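For reference, the structure is listed below as structure tokens.
The values are calculated or read from the model by the stated rules, or taken from the named source; none is laboratory data. These numbers were taken from a predicted model, which means no experiment stands behind them. Here the Cβ positions follow ideal geometry from the backbone for every residue, glycine too, while neighbour counts run over all protein chains shown. Note: accessible area is taken over every heavy atom of the protein model, side chains too, but ligands, DNA and RNA are not part of it. Shrake-Rupley method; radii C 1.70, N 1.55, O 1.52, S 1.80 Å.
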Amino acid sequence: MNLPFTKHTLGNGLDVLLHEDHACPIVAVNVWYHVGSKNERPGHTGFAHLFEHLMFEGSQHHDRGFFQPLQGAGATLNGSTNADRTNYWEVVPTGALELALWMESDRMGYLLPALTEAKFSNQRDVVLNERRQNYENRPYGLAPMALLAALFPPEHPYHWATIGEIDDLKAVKLDEVHAFFRRYYHPANASLALAGDIDPDRVLDLVRQYFGELPPGERVEPVRVAASLSRDVRLQFEDRVELPRLYMAWVTPAMFAPDDADLDLSTDLLANGKTSRLYRRLVFEERIATDVSASQNSREMAGYAQITATAAPGHTLHELETAILEEIDRVASEGPTDIEIDRGRVQAESQFMFRLQTVGGFGGKSDQLNAYNVFIGDPDYFDRDLERYQTVTRASLRDATARYLDPARRVTLSIVPQGRAALAAPESALAVVA
């Protein structure tokens with residue numbers, strides 16, 4: 001990978017990453033804060049995602065919506081929150097770079113004077129409505145919450161969904177929100193990446209001008225909590241759905257840890273795409289499922305692998321479970337074929353390159369520089385990241401599959417139509433979800 005960049009750290013602790021690319025007259029401005037839902041605690045969840053909303057509502061020197069000035073200058077912008085980080089980005093015409101830097105610096109350093117009770121209450125209602133739309137009122141929407149709650153114990157920071165619990169969101173007070181912001185949203189816990197049509201020396205001067213005076217916050221200690229699952233947890237609940245759906249999940253290694261890449265390729269060959277083993281068997285040949293998918297969900301402290309399949313009319317979740325476990329056992333005992341390994345490596349490389357086609361947005365060059373800087377401490381991790389997939393072998397993939405996709409250490413969740421609990425996989429207890 002040839003992605004030249006420079007890294008600078010301001011006196012207040014802000015990391016600044018600069019990548020020069022004059023192919024288009026645009027600049028990506030990308031800010032990562034090393035805070036997500038894992039930095040919350042039981043009874044006080046949803047704060048990080050709430051701030052994703054609040055930080056678009058204005059700051060001391062621009063006490064209005066964040067979108068209008070930038071979109072008026074021709075920018076696109078967005079933000080997101082997950083368990084491990086919060087990011088905000090803008091892709092602006094070159095001439096609007098200074099505007100974007102000014103606005104990002106103002107909400108980093110001067111958000112709280114403009115964060116009123118009215119704004120807080122309004123955005124909390126927006127988040128509660130988002131939770132209803134994306135989880136409670138969506139078919140199968142509560143499955144992620146039920147899986148996380150079963151995979152990780154109540155005190156573990158991955159036990160709850162990023163959007164937070166209803167009672168916690170309703171109970172939170174404005175002073176708690178202010179304290180959370182002061183703790184995590186400051187230069188010493190942030191990384192700023194600029195990529196595109198820039199003069200690095202001039203841009204670094206602008207960054208110092210707009211961000212250099214912001215006070216550093218206290219050092220944020222890393223969250224380190226081990227995760228493991230020692231038994232087969234079998235759960236079910238009824239939902240307003242037409243077809244039963246089966247979810248199977250396992251606790252797996254953390255992002256970039258040994259076996260993480262092997263499990264990426266393992267879940268791909270099992271159930272991603274029409275050439276995958278489970279799609280061919282369940283959907284194409286036996287026609288017992290309408291769809292099947294799999295993923296290795298890598299996170300900073302621990303990951304989780306997941307396989308999901310929807311039963312075809314006239315077929316049961318027990319059939320799906322039996323077939324899925326048989327295919328996992330084949331991979332765990334025999335390993336993949338050479339063709340599967342080669343295909344997986346090519347897919348990993350193509351997806352890797354696809355993410356880097358743009359300078360900004362989710363997954364662009366600026367976003368990837370920040371990801372490596374925040375999680376690894378080294379923005380220049382591109383070649384080593386890709387190498388993890390190139391060094392996967394049949395034996396290493398087989399062993400990782402056998403070690404982590406263990407039938408005796410998993411969560412099996414059945415979601416069935418209302419009034420048809422008998423369609424759940426055998427021996428399933430009732431899941432409790434908010």
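Here is how the numbers come out for the structure above:
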item: Loop GluC sites (Glu not before Pro), the stretch 347-434, which have at most 13 other Cβ atoms in a 10 Å radius of their Cβ (DSSP); result: Glu427
item: J(HN,Hα) series, the stretch 76-81, from Karplus relation 6.51 cos²θ - 1.76 cosθ + 1.60, nearest Hz, glycine and proline x; result: 10, 7, 5, x, 7, 9
item: Per residue, in Å², the accessible surface of the stretch 216-285 once ligands and nucleic acids are set aside, probe 1.4 Å; result: 48 Å²
item: Peptides 279-292, 224-237 ordered by average Cβ neighbours within 10 Å, highest first; result: 279-292, 224-237
item: Sparse-neighbour loop sites [trypsin sites (Lys or Arg not before Pro); the stretch 107-193; at most 13 other C-beta within 10 Å; DSSP]; result: Lys173
item: By average C-beta atoms within 10 angstrom, highest first, the peptides 74-84, 261-271; result: 261-271, 74-84
item: Heavy-atom accessible surface of the chain: percent carbon and sulfur, 1.4 Å; result: 50 percent
item: Filtered trypsin sites (Lys or Arg not before Pro), the stretch 25-106: DSSP coil and at most 14 other beta carbons within 10 Å; result: Arg64
item: Relative contact order computed over the chain (Cα-Cα under 8 Å; 6+ residues apart), in percent; result: 22 percent
item: Helical contribution to [θ] at 222 nm, DSSP H n ≥ 4, -39,500 (n - 2.57), averaged over the chain, rounded to 500; result: -11000 deg cm²/dmol
item: Length-normalised contact order for the stretch 298-400 - Cα pairs under 8 Å, 6+ apart - percent; result: 29 percent
